[in-house]
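J.: Pasting in a structure now, in structure tokens, and then I'll have a few things to ask.
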């Protein structure tokens with residue numbers, strides 16, 4: 001181990017337990033609800049194996065009155081739930097890590113739909129999801145007494161399951177304790193409302209009573225957002241955020257501090273640098289003698305150890321970096337810093353959680369597949385019969401497939417027609433705000449360059465004849481999918497008059513096409529590309545118009561938690577925005593548009609250059625030619641089906657595993673099945 005990183009591996013006493021090192025895999029949604037315990041256990045066990053000193057269970061609701069309908073969270077309602085939790089703890093302990101659980105009641109963040117109980121809060125207010133027509137009831141004194149008993153009972157069940165650390169959760173506007181604390185939601189006039197001390201009362205009571213239940217067996221942690229960067233902004237680190245820490249300073253065994261709301265706590269690399277939360281949380285160690293844990297999308301061991309050496313944090317928390325590389329701590333300990341698969345901060349993991357499905361990651365295609373497919377993030381089954389493999393194309397899919405097959409022991413050749421390896425990962429990383437996209441190719445190219453059974457050939461244009469002459473045992477085509485230039489997109493599947501041959505595509509822009517001073521960007525893709533190009537061109541002095549047929553710009557960025565900040569970025573850059581505006585044609589007069597809902601004509605947008613960001617079509621030239629020659633091959637990544645970078649990486653990995661013969665021929669992997677009560 002590099003001695004510079006020794007502080008990261010020092011044990012730390014937390015109340016009655018001792019963490020073996022300073023790495024904490026944080027509580028976060030993993031897409032496997034209480035209905036999918038095996039998949040969830042597989043994720044957490046892998047992290048414990050990878051060296052995380054504390055491995056955390058995600059938010060676990062303590063009672064049916066906490067109802068996050070449609071989202072994949074855990075439950076610890078009664079003793080029947082203890083069995084799965086105990087199995088998870090057992091698997092974590094087997095690798096020497098501590099297990100923690102985040103107990104929470106979601107209060108006015110609840111839905112009150114699936115269980116039939118109304119959402120509960122300090123006051124009668126709408127639930128914190130404005131698009132849902134539901135309200136929360138104001139809790140009476142008996143409700144409050146019942147809630148305190150819920151927390152007590154959940155702490156007892158956590159102890160029965162064997163957890164080492166139990167969390168009192170009060171963060172991200174997703175905790176009833178936060179709702180009572182915040183004057184934005186608490187309008188009570190009794191002993192639980194009004195003054196700061198009154199609003200803090202329930203928080204204090206639950207914390208004290210959890211400590212009683214934990215006794216000498218479990219440490220008690222508090223997760224608390226000390227500063228609101230979005231939302232009502234009533235809890236600030238120079239106000240009541242600090243006051244809470246001061247008032248409860250020595251009560252918990254561990255302070256886990258961050259910022260609110262979730263969109264800011266989990267900011268993407270486009271908008272927040274590594275360790276950005278230090279500005280808001282660094283005061284905490286000045287007012288408590290208890291250990292302090294924090295987050296900041298830490299990907300660099302140097303940044304991590306700096307936090308500890310400078311007395312900012314005692315423990316380094318990671319959610320997204322632990323998804324991207326479950327073996328990050330082990331690699332630091334073993335002196336393999338260059339082997340860390342760094343989180344790119346794209347929030348694809350967050351996006352899939354918001355739609356209620358299993359966790360996915362751009363960098364780590366094995367996440368969520370540990371149990372059901374048997375995929376390990378570091379170990380690839382070795383082949384007993386080495387073959388030659390030719391991978392045509394070095395984008396995310398090609399590089400990932402090449403790496404998997406090379407690790408298995410095959411002789412792998414990667415041919416790339418461009419002079420630089422990396423495909424779209426290389427090209428898109430040059431756009432303003434997207435530099436972290438380059439980590440996708442950086443990690444894989446470095447790994448391949450260290451392997452003697454790999455040959456990399458940039459600047460190599462192969463046709464069907466040369467591919468056939470290569471006589472590889474396996475051929476993988478990762479030739480990508482260029483953007484369409486005819487205006488066809490997600491809301492309109494047909495070309496738009498005047499677009500073909502006159503509109504530029506993102507590929508043209510990335511290739512350095514000449515662009516006029518006034519630019520219209522028509523976005524029928526609804527993710528990052530159009531607005532990233534808008535920001536990039538605006539920074540270069542162009543006047544930019546950003547047009548979308550959807551009611552709101554870049555809808556998918558709502559799932560990645562970036563949409564509000566992207567809109568703010570566009571405004572600050574002077575980009576003129578036109579949501580709900582469908583293009584009908586392009587001419588010398590400019591872009592003709594109508595309202596996306598009613599079809600009412602809108603003023604033409606005058607511009608010298610049109611950039612259309614719609615859909616992409618696979619490049620089938622090589623596959624068609626090889627098919628005509630009767631040469632067998634496999635198409636992977638965007639060339640198989642255009643997708644986000646995460647989808648391309650996953651495709652490359654899956655196809656490689658299929659070539660290794662480790663995947664079921666009928667495509668049916670292990671499933672979690674409900675239990676029937678007869």
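J.: Looking at segment 424-433, can you tell me whether even one residue there is crowded, with 18+ Cβ neighbours inside 10 Å and either within 15 Å of residue 652 (Cα to Cα) or in contact with a strand residue (DSSP E or B) (Cβ under 6 Å, 6 or more places away or on another chain) (or both)?
T.: There is at least one residue in segment 424-433 that is crowded, with 18+ Cβ neighbours inside 10 Å and either within 15 Å of residue 652 (Cα to Cα) or in contact with a strand residue (DSSP E or B) (Cβ under 6 Å, 6 or more places away or on another chain) (or both).
J.: Name the helices (runs of 4 or more DSSP H) wholly inside segment 528-642 in which the number of residues that are crowded, with 22+ Cβ neighbours inside 10 Å, touching a helix residue (DSSP H, G or I) at 6+ places or on another chain (Cβ under 6 Å) and not assigned by TED's automatic domain parsing to the domain that holds residue 462 is 1 or more.
T.: Fully inside segment 528-642 and qualifying: 529-539, 556-559, 563-573.
J.: Can you tell me which residue is farthest from residue 624 (Cα to Cα) among those in segment 470-508 that are within 28 Å of the chain's Cα centre (by Cα) and outside any loop (DSSP other than H, G, I, E, B)?
T.: 506
J.: Can you find even one residue in segment 147-166 that is surrounded by fewer than 21 Cβ atoms within 10 Å (Cβ to Cβ), touching a helix residue (DSSP H, G or I) at 6+ places or on another chain (Cβ under 7 Å), over 30 Å from residue 217 (Cβ atoms) and free of Cβ contacts under 8 Å to residues at least 60 places away in the same chain?
T.: No.
J.: Further question: What's the number of the only condition in (1) touching a residue at least 60 places away in the same chain (Cβ under 8 Å); (2) surrounded by 21 or more Cβ atoms within 10 Å (Cβ to Cβ); (3) part of a helix (DSSP H, G or I); (4) in contact with a strand residue (DSSP E or B) (Cβ under 6 Å, 6 or more places away or on another chain) that residue 85 fails to meet?
T.: All conditions are met except number (4).
J.: Name every residue in segment 88-105 that is within 24 Å of residue 256 (Cα to Cα) and either without any contact (Cβ under 8 Å) to a residue 24 or more places away in the chain or part of a loop (DSSP other than H, G, I, E, B) (or both), in order of residue number.
T.: Within segment 88-105, 95, 96, 97, 105 qualify.
J.: Mind checking whether some residue in segment 341-348 is in contact (Cβ under 8 Å) with a residue 12 or more places away in the chain, over 25 Å from residue 279 (Cβ atoms) and not in a loop (DSSP other than H, G, I, E, B)?
T.: Taking every residue of segment 341-348 in turn, at least one turns out to be in contact (Cβ under 8 Å) with a residue 12 or more places away in the chain, over 25 Å from residue 279 (Cβ atoms) and not in a loop (DSSP other than H, G, I, E, B).
J.: Further question: How about segment 516-527: which of its residues are under 22 Å from residue 589 (Cα atoms), touching a helix residue (DSSP H, G or I) at 6+ places or on another chain (Cβ under 9 Å) and outside any strand (DSSP E or B)?
T.: Once the filter is applied, which keeps residues that are under 22 Å from residue 589 (Cα atoms), touching a helix residue (DSSP H, G or I) at 6+ places or on another chain (Cβ under 9 Å) and outside any strand (DSSP E or B), segment 516-527 yields only 524.
J.: Give segment 642-671 a look and list any residue that's in contact (Cβ under 8 Å) with a residue 40 or more places away in the chain and in contact with a strand residue (DSSP E or B) (Cβ under 9 Å, 6 or more places away or on another chain), or say none.
T.: 642, 652, 655, 656, 659
J.: Specify the residue that is nearest to the chain's Cα centre (by Cα); the eligible residues are those in segment 39-62 that are in a loop (DSSP other than H, G, I, E, B) and crowded, with 23+ Cβ neighbours inside 10 Å.
T.: Applying the filter and picking the extreme gives 52.
J.: Return yes or no: is residue 656 under 25 Å from residue 351 (Cα atoms), touching a helix residue (DSSP H, G or I) at 6+ places or on another chain (Cβ under 6 Å), outside any loop (DSSP other than H, G, I, E, B) and modelled with pLDDT of 95 or more?
T.: no
J.: Is it true that some residue in segment 517-526 is surrounded by 21 or more Cβ atoms within 10 Å (Cβ to Cβ) and either outside the structural domain of residue 603 (by TED's automatic domain parsing) or free of Cβ contacts under 8 Å to residues at least 40 places away in the same chain (or both)?
T.: Yes, segment 517-526 has at least one match.
J.: Any residue at all in segment 372-379 that's under 13 Å from the mean Cα position of the chain (by Cα), crowded, with 17+ Cβ neighbours inside 10 Å and farther than 19 Å from residue 92 by Cβ?
T.: Within segment 372-379, not a single residue is under 13 Å from the mean Cα position of the chain (by Cα), crowded, with 17+ Cβ neighbours inside 10 Å and farther than 19 Å from residue 92 by Cβ.
J.: Do we have residue 70 as surrounded by fewer than 19 Cβ atoms within 10 Å (Cβ to Cβ), under 23 Å from the mean Cα position of the chain (by Cα) and in a loop (DSSP other than H, G, I, E, B) here?
T.: For residue 70, the condition - surrounded by fewer than 19 Cβ atoms within 10 Å (Cβ to Cβ), under 23 Å from the mean Cα position of the chain (by Cα) and in a loop (DSSP other than H, G, I, E, B) - is met.
The values are calculated or read from the model by the stated rules, or taken from the named source; none is laboratory data. The model shown is predicted, which means the values in this text are computed figures rather than measured ones. Quick reminder, even Gly has a Cβ in these numbers, built from the backbone with ideal geometry, and neighbours come from all protein chains shown.
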